[in-house]
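Read-outs throughout are calculated quantities, based only on the coordinates presented, and are distinct from any laboratory measurement. Here the structure is a predicted model, which is why all the values come from computation and not from measurement. Cβ: placed from backbone, ideal geometry, glycine included. Neighbour counts: every protein chain shown.
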Amino acid sequence: MNFLRGGKSVINIYDNAEKAMANKALQMNLKKATATAILKRNEAAAISETFENSRDAAINSRDMSIPRLRELLDEFIANAEKNGVRTFVFDDYEGVRAKIAQIIKSRGADFIVKSKSMLTEEIELNGYLKENGIEPVETDLGEFIVSIAGEKPSHLTAPALHKSRKEIAKLFNEKLGMPYSEDVEELCYFARRYLREKFMNAKVGITGANFAVADSGLVAVVENEANARLAINLPKTHIAVFGVEKIVGKLTELPHFLNVLSKSATGQLLNAYTSVVGAPDENKERFFIIVTKKRFEIAADEVFSEALRCVRCGACQNICPVFQRLSGHGYEFTYAGPIGTVLAPFFLGYRKCMQLIDASSLCGFCKSICPMKINLPGLILEHRFRCGADPAAGKTLYRRVKKIFSLGHSLVMSNNYLSTAVAPLARLYFAAARKISGKNYIPLWSRFSKRDFMGLSGKTFMERYFKK
Ligand code: SF4
């Protein structure tokens with residue numbers, strides 16, 4: 001019996017975690033990649049004299065712009081149009097996908113070059129384009145790797161973080177016919193030659209945007225490989241698609257964001273390329289497509305609005321003990337890790353996310369590393385409260401069992417006499433359980449058979465104290 005299995009209507013974190021934990025290669029890749037990322041981030045933050053100041057300035061900027069998002073959107077559109085950029089705003093995914101496909105088709109393109117964009121993952125653009133006879137070519141190396149593997153990105157800034165060099169070498173050999181090599185330079189050079197040809201012949205390039213600036217109608221794209229720069233400049237048509245939360249008020253605020261983003265994402269003092277784009281060159285055209293789905297709702301929520309401060313650096317993913325074992329794919333949502341857990345219920349509802357919001361130790365590492373100081377554990381906890389009160393989440397067995405255990409735990413732990421009285425019984429239980437099952441409890445469900453809880457100490461603190 002598995003009371004935790006919620007069917008397809010629930011993101012089954014328990015199953016996903018079990019599969020991920022059983023995959024030794026995945027565990028090794030995750031451990032190595034996340035540990036390196038944290039180390040580099042900490043080193044960059046430590047030697048920078050401006051990091052903390054920029055952090056505060058960026059937070060201040062976001063906190064000023066989030067309550068004014070509608071106003072800033074209008075200002076951004078007016079200034080972008082003045083620059084000769086055509087702008088469109090959509091609240092639904094179907095609308096934005098159809099608009100992008102229509103622009104591509106009307107330019108006679110049967111493929112597009114694309115730089116990494118989580119928003120296009122969110123709207124599931126690639127699948128839609130393929131269904132409409134348009135080949136999307138991912139040009140960010142990590143995204144290129146996952147796209148030829150037929151997978152989705154597993155991390156905000158390192159989409160192929162879950163893959164080892166060996167796996168990538170095998171993939172290039174099998175899917176692209178490259179002679180087998182694990183040499184990083186050879187692999188990069190092969191991908192580069194393959195993609196350069198696509199860049200040279202593309203009629204349309206699609207990018208995301210890390211920031212959009214209201215007072216000038218510009219967007220900024222931050223990267224390290226120059227693939228976004230090529231996708232912006234080589235094709236005749238450039239489309240930048242991004243969420244409305246990316247808008248900041250003034251151009252002077254941008255440097256603070258760039259300062260914190262590069263250090264938090266890749267541990268660099270500054271990223272290699274930042275393209276700030278507005279007016280298209282002669283004989284070229286540019287579109288800005290802005291997605292508002294759920295953003296205004298989050299912005300209007302007194303508790304959750306701070307989640308829109310996120311700059312998608314991925315630092316909270318790197319440091320999260322759950323992400324480090326589950327990997328991004330286990331979250332079954334575009335945005336994985338602590339920030340994904342905070343955003344998912346808005347997009348998918350509490351019923352689907354009831355296990356996801358429980359998949360956090362609330363250890364607080366994510367809050368401490370987040371450059372925008374988002375109270376991620378506090379927001380996850382708030383989701384748990386709201387989920388408990390939400391009738392739409394449904395009266396599943398999972399929730400009922402959880403409620404009974406929570407009530408029992410709270411009753412015992414909040415009453416000194418009760419907890420003292422229960423302690424000897426609990427010790428007896430643990431002793432019996434260890435005899436029967438070899439663990440500190442008796443696993444009634446196969447789901448728990450691999451776990452072992454900490455046993456109780458022989459005596460409580462008070463018992464020891466008074467004995468002295
Ligand atoms: S929540 Fe913070 S740490 Fe996580 S991706 Fe967003 S900005 Fe980075």
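Using Cα pairs under 8 angstrom and six or more residues apart, how large is the relative contact order of the chain, in percent?
21 percent
Using amide H atoms built in the peptide plane, which far-off residues or other-chain residues are under 5 Å from Met354 H to H?
Excluding prolines and chain starts, which carry no amide H, the hits are Ile11.
Below 8 Å, C-alpha to C-alpha, sequence gap of six or more: please give me the relative contact order for region 415-467 in percent.
26 percent
Efficiency by 1/(1 + (r/R0)^6): what FRET value for Tyr93 and Val303, r their Cβ-Cβ distance, R0 = 25 Å, to the nearest 0.05?
0.45
Pairs of Cα atoms under 8 Å, at least six residues apart: use those to get the relative contact order of region 212-322, whole percent.
About 35 percent, as a whole number.
Straight distance only, please: which aspartates and glutamates reach the Cα of Lys32 with their own Cα at less than 19 Å, same-chain residues fewer than 8 apart left out?
Glu43, Glu167, Glu182, Asp183
Exposure proxy check: Tyr189, Tyr331, Tyr14 ranked by fewest other beta carbons within 10 Å?
In increasing order of surrounding Cβ atoms, one gets Tyr189, Tyr14, Tyr331.
Would you calculate, for the chain, the mean residue ellipticity at 222 nm contributed by helices, counting each DSSP H stretch of 4 or more residues as -39,500 (n - 2.57) and dividing by all residues, to the nearest 500?
-15500 deg cm²/dmol
Could you give the length gained on full extension between Ala149 and Leu425, defined as 0.36 nm per residue of separation minus the Cα-Cα distance, in nm?
Length difference between fully extended and current span is 94.0 nm.
Under a plain spin-label model, where a point goes 7 Å from the Cα along Cα-to-Cβ, how far apart in nm are Arg86 and Cys363?
About 5.0 nm separates the two model spin labels.
Using the Kirkwood radius over Cα pairs, work out the Stokes-Einstein diffusion coefficient for region 415-467 at 10 °C and 1.306 mPa s, in µm²/s as a whole number.
129 µm²/s
Using the structure shown, select from Lys19/Lys163; Lys250/Lys293; Lys402/Lys459; Lys31/Lys166; Lys114/Lys284; Lys198/Lys293 the pairs with a Cα to Cα distance greater than 20 angstrom.
The answer is Lys250/Lys293; Lys402/Lys459; Lys198/Lys293.
Output needed: Cys residues of the chain lacking any neighbouring Cys C-beta below 4.7 Å, sorted by number.
Cys188, Cys310, Cys313, Cys320, Cys353, Cys363, Cys370, Cys387
Considering only the other residues whose Cβ falls under 13 Å of the Cβ of Val85, what net charge follows from Lys and Arg at +1 and Asp and Glu at -1?
Taking every other residue near Val85 into account, the sum is +1.
Using the Karplus equation 6.51 cos²θ - 1.76 cosθ + 1.60 (θ = phi - 60°), what ³J(HN,Hα) coupling, rounded to whole Hz, does each residue of region 334-348 give in order, writing x for Gly and Pro?
Result, ordered by residue: 3, 9, 9, x, x, 5, x, 5, 6, 7, 3, x, 5, 8, 10 Hz.
Please arrange Leu125, Leu73 by how many other C-beta atoms lie within 10 Å of their C-beta, fewest to most.
Fewest-to-most Cβ neighbours within 10 Å comes out as Leu73, Leu125.
Just to verify a number: FRET efficiency for Asp110 and Lys40, C-beta to C-beta distance, R0 = 45 Å, to 0.05?
0.65
I want to check the label-to-label distance for Ala432 and Arg192. Put each point 7 Å from Cα in the C-beta direction and report it in nm to one decimal.
6.9 nm
Calculated FRET efficiency, Leu397 and Arg325, Cβ-Cβ r, R0 45 Å, to nearest 0.05?
Efficiency computed from Cβ-Cβ geometry: 0.95.
Separation between the Lys166 and Asp56 pseudo-spin-labels, each 7 Å from Cα along Cα→Cβ, expressed in nm?
4.9 nm
Calculate one ³J(HN,Hα) per residue across region 253-264 by plugging θ = phi - 60° into the Karplus curve 6.51 cos²θ - 1.76 cosθ + 1.60, and present them in order as whole Hz with x for glycine and proline.
7, 4, x, 5, 5, 5, 5, 7, 5, 4, 5, 6
With θ taken as phi - 60° and the coefficients 6.51, -1.76 and 1.60, list the Karplus ³J(HN,Hα) couplings across region 174-184 in order, rounded to whole Hz; mark glycine and proline as x.
6, 8, 10, x, 6, x, 4, 8, 9, 6, 4
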